[in-house]
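To start, the structure under review is shown below, and the notes come after it.
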Amino acid sequence: MLPNRPMRLARLTSLGGLLGVVTLLAGCRAMWPSDAAQQSAAVSRQLSQQGLAALDRGELFRAEALLGQAVQACPEDWQARCYYAEALWLRGAAEDAMAQIAAVGDWKTSDATSAVRIGDMLLEMNQLERAGALADQALDINPQLSTAWSLRGRLHRARGEHQLALADLHRALDFDPSDAKVLLEVAELYRHLNEPQRALATLQHWSDLYPPGEESPQVLYLTGLAYSALARHEQAVETLAAAVARGNPSAEMLCRLAEAELHAGRREAAGRTLRQALATDAGHGPSLALLEHVQRESPRAMRQ
């Protein structure tokens, strides 16, 4: 599943800002110290700058074209290929992006942020070993880079190493306490480890970063699940109902709301919510099982 596009573009904005300070790893210049090679490297850098600017504006097709030209101008430029892969990935061309990353091979970079971005894509393609190598490389370059710690934490989680994942995700928060994505990952891990109180505390910290009413449905949903696990059923109903009200709820979200309503003694409301869940997904197993339970225990609830 592709990462959130606005977050990706925001990260690329910071990359663009570095271009005035850091050169784009002039691999061609280093490998071929000729005037022609230096000219090719300069053209690649200029096209890369234009491509990044287009990415910042959300002009994905123009960015892809410019960055593709940058790679053609200097095929040995590691970062030109990285940025080109990023543009392809954002457009949804994951296989083409992976082909560019494969062309990069095991080259090294002095740019930790680029290493993390490529590591993110490799992780999503389940290439854990290569992603882990890039995470370690990024941390060697910049041990205070929160996104590098986050990447390594998500790698541990993908391997089922939950305690190691928590340790690295907390290190990411040490360097960027306002990273909402990492906070959500920590909360989900605590929930998975059956530590709802810690999950709730993490989610409440996340909510404090935003004005009331602007929490995402996912945050409200996870908060509601934490309340349910703590047997705080009325609060669970209120929070899960708020998540559902944000629009396009899944059958799973509706089913969890119905469970909370049942525990809070609201059988008729639970019946209505289950009908909505099954209208969304007629084959949703947990909803069907809960429906059977409600019909057996309180047939009247399903007639309302």
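Tabulated data
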quantity	calculated
Using alpha-carbon coordinates, inclination of helix 5-18 to the longest axis of the chain, degrees	30
Degrees between helix 112-124 axis and first principal axis of the chain (Cα, 0 to 90, nearest 10)	50
Size of charge dipole - the chain - debye, nearest 20, with Cβ of Lys, Arg +1 and Asp, Glu -1, no other charges	620
Highest-MSF residue in the chain out of ALA231, ALA187, ALA97 [GNM, Cα springs under 10 Å]	ALA231
For the chain, built as a Gaussian network whose Cα springs stay under 10 Å, the top-fluctuating residue of VAL237, VAL182, VAL294	VAL294
Acute angle (nearest 10 degrees) that the helix 217-229 long axis makes with the longest principal axis of the chain, alpha-carbon atoms	50
Cα-based shape type of segment 115-167, given that a ≥ b ≥ c are square roots of the gyration tensor eigenvalues and the cut on a/c is 1.5	oblate
Percentage relative contact order, the chain, counting C-alpha pairs under 8 Å, at least six apart	8
Highest-fluctuation residue, SER48, SER228, SER250 considered, GNM on the chain with Cα pairs under 10 Å	SER250
Residues of segment 100-168: accessible area per residue with a 1.4 Å probe, Å²	43
Per residue accessible area in Å² of segment 214-294, where ligands, DNA and RNA are left out and the probe is 1.4 Å	45
Nearest-0.05 FRET efficiency for SER110 and ASN194, computed from C-beta distance (R0 30 Å)	0.10
With every protein chain in place, the chain: carbon and sulfur % of accessible area (1.4 Å)	51
Contour excess over end-to-end distance, with Cα ends at GLU214 and ARG246 and 0.36 nm allotted per residue	10.5 nm
Pairwise label distance in nanometres, HIS162 with ALA231, each label 7 Å out on the Cα-Cβ vector	2.1
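The values are calculated or read from the model by the stated rules, or taken from the named source; none is laboratory data. Not measured: the values here are computed from a predicted model. Methodologically, a virtual Cβ is constructed for each residue, glycine included, from the backbone with ideal geometry; neighbour enumeration extends over all protein chains shown. Note: areas computed on protein heavy atoms with side chains; ligands, DNA, RNA excluded. Shrake-Rupley method; radii C 1.70, N 1.55, O 1.52, S 1.80 Å.
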